[in-house]
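Worksheet: one structure, shown below.
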Amino acid sequence: MTLAPPPLSLYVHIPWCVRKCPYCDFNSHEGRGELPFAAYVDALLADLDFDLPLVWGRTVQSVFFGGGTPSLMPPEFIDRFLQGASSRLRFAPGCEITLETNPGTAEHGRFEGYRDAGINRLSFGIQSFDDGCLQRLGRIHDSAEAEAAVKLAQDAGFDNFNLDLMYALPQQTLAMAEHDLERAFALQPTHISHYQLTLEPNTVFAARPPAGIPDDDGSWDMQEHCQVLLAQAGYRQYEVSAYAQAGRECAHNLNYWKYGDYLGIGAGAHGKITLGHDQSILRRWKLKHPTRYLAEAGRDRAIGGDERIPPERRAFEFMLNTLRLVDGFSLTGFEARTGLSRTAIEPQLQAALANHWLTLESDRVRPTELGRRFTNDVVGLFLEE
């Protein structure tokens, strides 16, 4: 089989935040003093120049500024980066360009600047509209600031935005989780990310779990109840924790979940690129610490690591992403994006079908409701021996 280069996205990591949240395991660093945004944009563009030979001639379908807290970076620096990036890469018409924002950093006038710079989608890290829950999560905003930030963005002309909400929070009840969704619906987001709090390794919460986290049964009740509410409000679930109004799915994250390609630039950013000339898939990641990254960006020494994905691991990686999607994947797409024949996964598919974890209709493989409950078990079938 031949590897066909899939759609390409660009991920840009902004590593600073105001305060590290106790549940966060992302590459984020508390900003102290004046942050070196001008130097960081220079470093990002040098980093992009270094990676450009991997993607000559390809078109970028989406851009995503993640973090950290990207909204700490003033609009003029976002503008300078996007101007530099679009002069180096071809951006598709209507390219989705998302900026993650923390309500605690929203300032009047900034949203107009981001829109003028080319940002056309926002993602708000709300997490909850309950002030007690927000305090227990270590967030720097309260519910009033969250609503005010969203309304400022709407006043600035943004009509495509996501709200991040978490459930199974310390001391949260089912009624509180329902109330969070009601407050979210009132703001009319086009997209809601609704995911369970997990205690990730190497976080404060993992070392010192907070009291009152709902047990598995309580968490499951919240998930099931909230899924019904989201559907009733017109948000279709298309991924494990992603719900969208019709046509408003996140193009950038969909590309990840469909095993697409993405350049990753910035401190700690990860990328995945399909290389047609030698029929390989390259994963590359950058130095994590902002100071080291700033010193080395644009050179070999800025690369934290390079790895070629061997054919025997591609099926597992593909499933790890695509089986998060409610609509699953096509066998034709599997062959194009892994370079493997569908016969390579025939035994695993048959096992999953027998367990009623997947369905197969013509070319399309979809997880069942049962399969979505046991995603890790389904994906585990494809792990190399």
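Structure above, values below:
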read-out	value
TYR243 being assigned by TED's automatic domain parsing to the domain that holds LEU181, in contact with a helix residue (DSSP H, G or I) (Cβ under 8 Å, 6 or more places away or on another chain) and without any contact (Cβ under 8 Å) to a residue 60 or more places away in the chain	yes
Some residue of segment 49-57 being crowded, with 21+ Cβ neighbours inside 10 Å and touching a helix residue (DSSP H, G or I) at 6+ places or on another chain (Cβ under 9 Å)	no
Answer from ASP306, ASP327 - the residue that is under 20 Å from the mean Cα position of the chain (by Cα), surrounded by fewer than 18 Cβ atoms within 10 Å (Cβ to Cβ) and at pLDDT 95 or above	ASP327
Residue list for segment 246-298, restricted to those being of a type in the set (A, V, I, L, M, F, W, C), farther than 24 Å from ASN27 by Cα and in the same structural domain as GLY67 (by TED's automatic domain parsing)	ALA246
Hits in segment 28-45 (condition: surrounded by 17 or more Cβ atoms within 10 Å (Cβ to Cβ), under 24 Å from the mean Cα position of the chain (by Cα) and at pLDDT 85 or above)	SER28, HIS29, PHE37, TYR40, VAL41, ALA43, LEU44, LEU45
Residue within segment 29-37 that is in a strand (DSSP E or B), touching a residue at least 60 places away in the same chain (Cβ under 8 Å) and touching an Asp or Glu at 6+ places or on another chain (Cβ under 8 Å) present	no
Scope segment 44-71; condition assigned to a helix (DSSP H, G or I) and either among the aliphatic types (A, V, I, L, M) or free of Cβ contacts under 8 Å to residues at least 12 places away in the same chain (or both); matching residues	LEU44, LEU45, ALA46, LEU48, LEU52, PRO53, LEU54, VAL55
Filtered residue count, segment 119-151, keeping only those that are touching a residue at least 40 places away in the same chain (Cβ under 8 Å), over 21 Å from GLY68 (Cβ atoms) and touching a helix residue (DSSP H, G or I) at 6+ places or on another chain (Cβ under 8 Å)	6
When residues of segment 1-27 are limited to those that are closer than 19 Å to HIS289 by Cα and in a strand (DSSP E or B), the one modelled with the lowest pLDDT	CYS17
Filter result for ARG136 (modelled with pLDDT of 95 or more and either over 21 Å from the mean Cα position of the chain (by Cα) or farther than 22 Å from ALA184 by Cβ (or both))	no
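The values are calculated or read from the model by the stated rules, or taken from the named source; none is laboratory data. Everything numeric here is computed off the predicted structure, so don't read it as measured data. Positions of Cβ are backbone-derived with ideal geometry, glycine not excepted, and every protein chain shown enters the neighbour counts.
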